[in-house]
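For reference, the structure is listed below as structure tokens.
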Amino acid sequence: MNGEHRRRIDQILEEGFLTGLENTDLDELRDLRRMTDEVETELSYYRRLLHGRMDLLSFELRRRTGEETRSLIEALPEILGSGERTGPLGRVPAIFSPDLPEERHRPVDKVLGDDFLTRMPELSEDELTEMQELLAETEERISDQRREVQRVFDDIQGEITRRYKDGVADSVDLLSD
């Protein structure tokens, strides 16, 4: 695995990442599983942030057209609470903010800029709509990546499980999983 200077997501999604999985050392498999789980948690966190921004933008657009009479502040608890989602079966959803990489110049970081709420009242409806489309496109890309990372995680987990079922790995080692 030569990937010290490459993003983890790029390593995971690289063709051939799972090649030779059946011959990979159990400890290395666990490390790969941990890495894919961390990346999936990060992608999930970004998705939650994107959904929150999209919900806020939708509310603001409805407010501007008169469909919504409440202020953003009045509706904020409902808007933010409506985005609660559960994770896929068999996975415990992370309820914390993951340790995000220091690198903050990726496309998703631009879309999730810190000045989002403060700039929203200044933006025209066209600008809000354009931002909504950008958020939706970004969310779609993140969701696609997340599904691929989950598939990789499941393949790694399947190999670990196979080893225990076949007796290749000692069940005493389960304590370290």
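Data table
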quantity	calculated
Filtered residue count, region 116-151, keeping only those that are in a helix (DSSP H, G or I) and among the small types (Gly, Ala, Ser)	2
Of all residues in region 14-34 being surrounded by fewer than 14 Cβ atoms within 10 Å (Cβ to Cβ) and not charged (D, E, K, R), the one that is farthest from the chain's Cα centre (by Cα)	ASN23
Checklist (1) modelled with pLDDT of 95 or more; (2) on the phi > 0 side of the Ramachandran plot; (3) not β-branched (Val, Ile, Thr) applied to LEU32, failing item	(2)
Residue match in region 87-109 (condition: surrounded by 14 or more Cβ atoms within 10 Å (Cβ to Cβ), at pLDDT 65 or above and outside any loop (DSSP other than H, G, I, E, B))	yes
Qualifying residue in region 125-139 (condition: touching a residue at least 40 places away in the same chain (Cβ under 8 Å), under 13 Å from LEU61 (Cβ atoms) and of a type in the set (Asp, Glu))	yes
Flag for SER143 being hydroxyl-bearing (Ser, Thr, Tyr) and modelled with pLDDT under 85	no
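The values are calculated or read from the model by the stated rules, or taken from the named source; none is laboratory data. Fair warning: this is a prediction, and the values are worked out from it, not measured in the lab. Quick reminder, even Gly has a Cβ in these numbers, built from the backbone with ideal geometry, and neighbours come from all protein chains shown.
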